[in-house]
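The values are calculated or read from the model by the stated rules, or taken from the named source; none is laboratory data. Everything numeric in this text was worked out from a predicted model, so none of it was measured. Neighbour counts run over all protein chains shown; Cβ positions are idealised from the backbone, glycine included. Surface areas here come from the heavy atoms of the whole protein model, side chains and all, with no ligands, DNA or RNA. Shrake-Rupley method; radii C 1.70, N 1.55, O 1.52, S 1.80 Å.
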Amino acid sequence: MRKMKFTAGLLTFSLMLAASAVAGNTNKGTLQIDETVTVGDKQLPAGNYQVEWVGSGSNVELSISKGRDTVAKVPAQVLPLKKAEAGNGYSIKTDEAGNKALTGILFGGRKYELSIGETPAETATPSDKPQGSN
């Protein structure tokens, strides 16, 4: 009887561990950029990227990868949204010379966004425009 309880407990623990491994890290997402943008001091051509962020609280470090290569690392802020976004997307800011800087990343089904740079996306200027879908 004692062995049966131990086996049942071990099985339950194993299933919970497996479920958490399958669930994965929620600090990951995908980003599809439709145009060349600047992130930090790096230029990213149009394409599909993986994003991952680490940190506790609202200030995080964002890594953007293409395949196995990390192409940019920048500080970012996790900003809460009132409701979850319907789809993935991003926002940019265009300067006077026409250079486009990535300022935010939105994730479908999640009630937050990542703000990149000094200006949080909630206080974006009119020159900021939401772009594309991921």
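Couple of notes before you dig in:
- Reported value for segment 24-77: 81 Å³ per residue, from the convex hull of its C-alpha atoms.
- Loop-located GluC sites (Glu not before Pro) in segment 51-124, at most 15 other Cβ atoms within 10 Å (DSSP): GLU96, GLU118
- Once the chain from GLN43 to LYS28 is taken as fully extended at 0.36 nm per residue, the excess over their C-alpha distance is 3.3 nm.
- Taking amide hydrogens as placed 1.01 Å from N in the peptide plane, the amide H of VAL71 sits under 5 Å from those of ILE64, SER65, LYS66, each at least 5 positions away in sequence or on another chain.
- Overall, the anisotropy analysis places segment 65-112 in the oblate class: the square-rooted eigenvalues a ≥ b ≥ c of its C-alpha gyration tensor yield a/c not less than 1.5, with a/b not exceeding b/c.
- Of SER115, SER56, the residue with the largest accessible area leads and the full order is SER56, SER115 (1.4 Å probe).
- Taken along the Cα-to-beta-carbon direction at a fixed 7 Å, the label points for GLU96 and ALA84 span 4.4 nm.
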